[in-house]
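What follows draws every value from the coordinates through simple rules; no lab data is involved. The structure presented is a predicted model; accordingly, all values stated were derived computationally and were not measured. Please note: Cβ atoms are built from the backbone with ideal geometry, for glycine as well, and neighbour counts cover all protein chains shown.
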Amino acid sequence: MQRLFLAAAVAVAGLCACTSTPPPPRQNNGVALATDVRRIRPRRGFLGRTTTVYFVRLPEGHEGQAGGDEGSLAGASSVISSNFVRGTVCYLLNAEPGTYAAVAAKETKDGKQRTYYFPLALIEKTMVTVSPGKAAWMGRAAVNAQPSSLNQDAAQKHYRRLIGPDWRRMRPAERVFMRKNYLTGTVFTFEREEAVVPAAVEELFTEAGWR
């Protein structure tokens, strides 16, 4: 049976496992998600290297809902971190089949880490449903993210609370210092050709036994 993987190339910023060999499938209906993540800033191009992408898996019956309840894209109660990285691509291997979307990412540069949160409009574009034994490509995106909590949408506010420090317990000076490490995504580009999976992703899944 063809193994299931979900490939997502989205510019978004958890810690990926940085082993050189991907783990093989552990179950017949396992899912693998792959993300090629980039953050950009005008006139500066791509910034740090993305080491983790955060996904949400929507419960059955809530697919496509954009509201703030626990089953929606903007209100999931938990996130799933990618668990393997090679080059610019982060992977979540041996996940469950279902409907997934990417909501945030973490990047590393010069020993420093920054997390950035996708706007809801991008989260909606990354969403894809994959059945056992099938493969899906989530897409490729680049996100401009800045250290500001202003103009955050409902999804960014929710995942900023879920993925990050407890801002309520911080002193004002601490919040000012930490804010630059937790960024709000604004403008983004996104593209997806469902019939075209990047060669590097195909090669990794073949190497690991997913193909």
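Annotations
- Within a straight-line Cα-Cα reach of under 24 Å, K125 can be paired with the following lysines, leaving aside sequence neighbours fewer than 8 residues apart in one chain: K106, K134, K157.
- Full extension of the chain segment joining A154 with V196 gains 11.9 nm, where the gain is 0.36 nm per residue of separation less the Cα-Cα distance.
- Annotation: amide H-H contacts under 5 Å for S148 (H modelled 1.01 Å from N, sequence separation of 5 or more, or interchain): T184.
- In this simple spin-label model, placing a label point 7 Å from the Cα along the Cα-to-Cβ direction at both R168 and R26 gives a separation of 3.4 nm.
- For region 81-196, the alpha carbon convex hull comes to 130 Å³ per residue, rounded to a whole number.
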